[in-house]
Amino acid sequence: MVKVRMKDLIDKFNLELISGEEGIHRPIQTSDISRPGLEMAGFFTYYPAERLQLLGKTELSFFYGLEDPLKRKERMDRLCTDETPGIIISRSMDVPEELIEASERTEVPILRSNVTTTRLSSRLTNFLEGQLAPSTAIHGVLVDIYGVGVLITGQSGVGKSETALELVKRGHRLVADDSVEIKQESENTLIGNAPELIQHLLEIRGLGIINVMTLFGAGAIRNYKKISLVITLELWDQKKVYDRLGLEEDMMQIIDTKIPRMTIPVRPGRNLAVIIEVAAMNFRLKNMGMNAARQFSERLTREIQTGDYEDTEY
Amino acid sequence: MVEKELVVKLETGLQARPAALFVQEANRFQSEIFLEKDGKKVNAKSIMGIMSLAVSTGSKVIITTDGNDEVDAMEALTEFVKGE
């Protein structure tokens, strides 16, 4: 699946198309950017043709310093391969004739930007890394609760959307309902968002599709959110043992990242929204170093070890 | 697990109403059912998921069913997207 094409770069960075218009739909496969300096000098042994090529002042000055017209033509020809997604000239510099000729023949798009080379290079890398990050889609609901991105998962019909509605009613923010697109933007960072078509929408059985933004206002939604906690809802299983202490840490792996997970049994009369709200607050507290379960457990252990119960507080 | 790639022949594609019917059909089965289009995979029992794919007529989709009634589920859903 192609995630980003040259055309996206042109739109995003306002690049000027010099030649090779036929190639603007070429896909970009890697976020690495190449500055072909040694290639200008004729060393093509390790030329990374699949990368986006960036020609700055250094590369072009060297090129203009070449006197042999044959060499100039040859170098530019070898720069434009079938694999090359595109070549970008920075600082609004003039584009060599030889490069335009080569690009027209091979349909490699040549673009120009007025930004300086290093800045352009870092912006391009950032953008490409974001776009090319590994991604997946998960069946669930993503809500921002007190600033914690909570992904609620569970079987169809267990009450994910209803819980989300209640959470929105309590002032939290909906990110995505039913289908969450997740991107691993950097190591250990998962960003979730809704597929564009169903952004801000919630489906409640019996009501149908509702628009959370028009109903509750712009404060009730978010377009994307980092996922910090997974809560799995499941129908109460008599035979299953549920966590009673909160000392165990269950993890769920999404792409290459592990996220803490809690499994919450659903039974009539349990207010899930409140439970999830508290789970999110407790998660924040744990991150600040306050773990109620662990502190209590340590106290209990101490009492048992010392044997006699010393009542100092009363 | 049963997996099948097929072309959607349903004239309207999976617009809102047909999508709801498709999901209703999928929910009749116990198996886990997924629908994939252009590398995006969603739970076939979730209407928002299905609609987010915007499946048009003629598009290629992959249906996966997994569970004790996977064969029946596949048959029913295949029949559905054929649009007869």
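The values are calculated or read from the model by the stated rules, or taken from the named source; none is laboratory data. For clarity, every value in this text was computed on a predicted model and none was experimentally measured. Note: ideal-geometry Cβ built from the backbone for every residue, glycine included; neighbour counts use all protein chains shown. Each accessible area value is taken on the protein alone, full model and side chains, heavy atoms only, with ligands, DNA and RNA left out. Shrake-Rupley method; radii C 1.70, N 1.55, O 1.52, S 1.80 Å.
Helix A:69-79 versus the longest principal axis of chain A: what angle, 0 to 90°, nearest 10, using Cα atoms?
Once rounded, the angle reads 20 degrees.
Once you keep just the Cα pairs under 8 angstrom separated by 6 or more residues, what percentage relative contact order results for region A:135-299? Don't jump to the answer; show the numbers that get you there.
Working: 306 pairs, mean separation 38.9, N = 165.
In percent, rounded to a whole number, it is 24.
Could you tell me which of B:L77, B:V23, B:L10 has its Cα farthest along the dipole of region B:2-82 towards the positive end, charges placed at Cβ (Lys, Arg +1; Asp, Glu -1), taken about the Cα centre?
Highest projection toward the positive end goes to B:L10.
Counting Lys and Arg as +1 and Asp and Glu as -1, each charge on the Cβ, what is the dipole of region A:6-132 about the Cα centre in debye, to the nearest 20? Write down the numbers at each step before the final one.
On the way: 16 positive and 22 negative charges, 105 e Å.
Dipole size: approximately 500 debye.
Which whole number gives the average count of other chain Cβ atoms within 10 Å of the Cβ atoms across peptide B:38-47?
Details: counts 2, 5, 7, 5, 6, 8, 2, 5, 10, 8.
Mean partner shielding for this stretch: 6.
Let me spell out the model: positive unit charges on the Cβ of Lys and Arg, negative unit charges on the Cβ of Asp and Glu, origin at the Cα centre of chain B. What dipole size does that give, in debye rounded to 20?
Details: 10 positive and 14 negative charges, 84 e Å.
Charge dipole of chain B: 400 debye, to the nearest 20.
Answer with one residue from A:L142, A:A194, A:I221: the one whose Cα lies farthest towards the positive end of the charge dipole of the protein assembly as shown, charges on Cβ with Lys, Arg +1 and Asp, Glu -1.
Towards the positive end, the residue furthest out is A:I221.
Return the percentage of antiparallel bridges among DSSP beta bridges fully within region A:230-314, rounded to the nearest 5 %. Don't skip to the end; give the middle numbers.
Details: 5 of 11 bridges.
Roughly 45 percent of the beta bridges in region A:230-314 run antiparallel, per DSSP.
Sorted by packing (mean other beta-carbon atoms within 10 Å per residue), highest first, where do A:190-196, A:138-144 land?
A:138-144, A:190-196
Quick one: accessible area per residue over region A:135-299, 1.4 Å probe, rounded to a whole number of Å²?
Values: 8780 Å² over 165 residues.
In whole numbers, region A:135-299 has 53 Å² accessible per residue.
Report the relative contact order of region B:2-82, percent, no decimals, based on alpha-carbon pairs under 8 angstrom and at least 6 residues apart.
On the way: 146 pairs, mean separation 37.5, N = 81.
The normalised contact order for region B:2-82 reaches 46 percent.
Using only helices, what value at 222 nm comes out for chain A when you add -39,500 (n - 2.57) per DSSP H run of length 4 or more and divide by the total residues, to the nearest 500 deg cm²/dmol?
On the way: 10 runs with 104 residues, N = 314.
Per the formula, -10000 deg cm²/dmol.
Per residue of chain B, what 222 nm ellipticity follows from adding -39500 (n - 2.57) for every DSSP H run with n ≥ 4, rounded to the nearest 500? Intermediate values should be presented prior to the final figure.
On the way: 3 runs with 31 residues, N = 84.
Helix contribution divided over all residues of chain B: -11000 deg cm²/dmol.
Write down the percent of antiparallel bridges among all DSSP beta bridges whose residues are both part of chain A, to the nearest 5. If you can, show how the numbers build up before the last one.
Numbers: 34 of 54 bridges.
If I count the DSSP bridges inside chain A, around 65 percent turn out antiparallel.
Using a Gaussian network model of chain A with C-alpha springs under 10 Å, which one of A:L54, A:L17, A:L300 is most mobile by mean-square fluctuation?
Largest GNM mean-square fluctuation: A:L300.
For a quick check, take a GNM of chain A with Cα springs below 10 Å and name the residue from A:G206, A:G65, A:G56 with the largest mean-square fluctuation.
Ranking A:G206, A:G65, A:G56 by mean-square fluctuation puts A:G206 first.
Nearest 20 debye, what's the magnitude of the dipole of the protein assembly as shown about its Cα centre given +1 on Lys and Arg Cβ and -1 on Asp and Glu Cβ? Display every interim value, and only then the final one.
Working: 49 positive and 60 negative charges, 190 e Å.
In total the dipole reaches around 920 debye.
I need to check one value: relative contact order of chain A, counting alpha carbon pairs closer than 8 Å and at least 6 residues apart, in percent.
For chain A, the relative contact order is 13 percent.
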